[in-house]
Amino acid sequence: MKKLFAECFGTFWLVFGGCGSAIFAAGYPELGIGFAGVALAFGLTVLTMAYAVGHISGGHFNPAVSFGLWAGGKFPAKDLVGYIVAQVVGAFIAAGVLYLIVSGKSDFVDIGGFAANGYGALSPDGYSMTSALIAEFVLTAFFLLIILGSTNERAPKGFAPIAIGLGLTLIHLISIPITNTSVNPARSTSQALFAGGEFVPQLWLFWLAPIAGAIVAGFIHKALFDKA
């Protein structure tokens with residue numbers, strides 16, 4: 001249960017910090033942090049929670065990461081369901097807290113896109129479903145290669161959270177204009193459920209592409225980069 005609570009808390013912080021920065025701070029007049037600030041915020045959430053609770057649960061905070069570590073031989077299949085449920089619950093609670101905060105603004109009308117992920121008309125810069133699928137697949141695959149490589153027993157000790165956090169920052173710098181950046185089905189689900197509308201029918205892509213990319217990366221690392 002400690003592992004599941006750690007995953008829940010870690011995913012809460014990822015969604016609250018990353019999506020919260022996009023909702024509250026990205027477009028704030030004159031002081032807005034912009035795409036770069038949101039990208040850094042997502043990276044910092046993973047970096048800080050990896051140090052805070054990573055030693056308890058492994059610091060997945062993302063169903064795609066759990067699948068990728070399973071494919072790479074670093075995580076047992078029997079724990080997948082529990083971890084994924086804990087991650088989605090943590091993300092949903094974070095989205096609920098974000099909603100309570102944003103709805104308390106004096107000129108609140110609705111939550112709008114709520115930092116949800118989308119393609120086509122819901123893409124920040126109008127990218128197609130195919131573009132979104134490719135981007136989410138490739139970026140999640142490289143995210144897992146970073147995770148698996150930096151946590152490998154032959155890698156320098158103690159620096160993995162930094163590499164992983166910076167990797168996630170880079171991923172967001174690339175793909176916020178494409179899909180608002182998912183690479184994390186739990187994060188996509190929580191925001192889409194609150195945003196509603198056409199975001200919910202598009203959720204399939206933000207489960208399929210990240211998990212497929214993560215699994216492919218896990219197999220690649222196991223076959224080519226892990227110890228013989």
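Worth a mention:
- Considering the stretch 151-173, and only residues there that are closer than 18 Å to V183 by Cα and small (G, A, S), the residue that is surrounded by the fewest Cβ atoms within 10 Å (Cβ to Cβ) turns out to be A163.
- Count of residues meeting criterion [polar (S, T, N, Q), touching a helix residue (DSSP H, G or I) at 6+ places or on another chain (Cβ under 7 Å) and either open to solvent by 20 Å² or more (accessible area, probe 1.4 Å) or in a helix (DSSP H, G or I) (or both)] in the stretch 176-221: 6
- Of everything in the stretch 26-50 that is of a type in the set (V, I, T) and under 12 Å from the mean Cα position of the chain (by Cα), the residue that is nearest to A163 (Cα to Cα) is V46.
- Considering the stretch 25-121, the qualifying helices (runs of 4 or more DSSP H), each wholly inside and each with 2 or more residues that are among the hydroxyl-bearing types (S, T, Y), touching a helix residue (DSSP H, G or I) at 6+ places or on another chain (Cβ under 8 Å) and under 22 Å from G10 (Cα atoms), run over 34-57, 80-102.
- In the stretch 96-148, the residues that are among the polar types (S, T, N, Q) and open to solvent by 30 Å² or more (accessible area, probe 1.4 Å): S103, S106, S128, T130, S131
- Search result, residues across the stretch 72-83 that are under 22 Å from G165 (Cβ atoms) and in contact (Cβ under 8 Å) with a residue 40 or more places away in the chain: G72, K74, Y83
- Under the condition of being open to solvent by less than 30 Å² (accessible area, probe 1.4 Å) and more than 19 Å from L208 (Cα to Cα), the residues counted in the stretch 72-81 number 1.
- The stretch 7-35 residues that are within 19 Å of L173 (Cα to Cα), paired with ones that are of a type in the set (S, T, N, Q) and assigned to a helix (DSSP H, G or I) (beta carbon under 7 Å, 6 or more apart): L14/T45; V15/S190; G17/T45; G18/T45; C19/Q191; I33/S21
- The stretch 44-71, subset more than 23 Å from T169 (Cα to Cα) and in contact (Cβ under 8 Å) with a residue 60 or more places away in the chain, residue surrounded by the fewest Cβ atoms within 10 Å (Cβ to Cβ): W70
The values are calculated or read from the model by the stated rules, or taken from the named source; none is laboratory data. Note that the coordinates shown come from a computational prediction; the quantities given were computed from them, not determined experimentally. In this analysis, Cβ positions are derived from the backbone assuming ideal geometry, glycine residues included, and neighbour counts consider all displayed protein chains. Surface areas here come from the heavy atoms of the whole protein model, side chains and all, with no ligands, DNA or RNA. Shrake-Rupley method; radii C 1.70, N 1.55, O 1.52, S 1.80 Å.
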